[in-house]
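A short reminder: the numbers here are calculations on the coordinates, not readings from a lab. Since the structure is predicted, the reported quantities are computational estimates derived from the model, not experimental observations. A quick note on method: Cβ atoms are made from the backbone with ideal geometry, for glycine too, and the neighbour counts reach across all protein chains shown.
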Amino acid sequence: MVASPDVILDSDLKPGVELELLGSCLADMAKVGLVSEEKLDSFNVPICYSPVKDVKEIIERNGHFSIQRMEALILENFYAALNVEILVCWCRALLEQSIEKQFGRGIIDELFDRFAKKLVEFPNIVRPEKRETVHLFVLLKRIRHNGVNNNVMQSM
């Protein structure tokens with residue numbers, strides 16, 4: 001699970017900048033008629049990075065889970081190895097299904113090829129020191145309601 005640090009200004013939080021760049025690739029494709037402007041205008045990626053302190057409150061307020069364990073993960077080695085190829089694969093894994101549902105299968109390869117080229121053009125996006133996010137390991141236990149099974153699940 002990705003969260004934002006508890007003490008950070010919204011202007012300093014930049015985890016979505018790669019998604020903005022991906023959106024600019026879609027806009028470029030719309031300009032040349034590869035995707036519908038109407039579909040582009042109605043496409044939204046609802047990603048929210050809640051502060052760590054709020055994550056606990058959101059889970060507890062949900063009422064279906066109790067937090068068994070929650071800790072920040074140290075991902076220095078992951079970010080040290082972050083490059084264009086890894087970031088493209090990460091974004092594709094995260095968004096491919098939603099993009100395909102909105103625009104069709106035919107644009108996927110072209111979109112992510114354009115995205116890779118833009119990441120090369122703007123290398124600061126890939127730099128790990130620009131990442132102001134916290135990765136959390138959260139072990140949840142389903143709370144029994146009306147005879148529902150008590151399953152343990154992991155969420156990241």
Evaluate E = 1/(1 + (r/R0)^6) for His145 and Glu71, where r is the Cβ-Cβ distance and R0 equals 25 Å; express this FRET efficiency to the nearest 0.05. 0.40
With labels modelled as points extended 7 Å from the Cα through the Cβ direction, what inter-label distance (nm, one decimal) is found for Glu38 paired with Ile86? 4.2
Could you give the length gained by full extension between Asn124 and Ser98, i.e. 0.36 nm per residue of separation minus their alpha carbon distance, to one decimal place? 6.7 nm
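Once you have the Cα-Cα distance between Arg61 and Val45, take 0.36 nm times their residue separation minus that, and quote the gain in nm to one decimal.
Additional length available on full extension: 3.4 nm.
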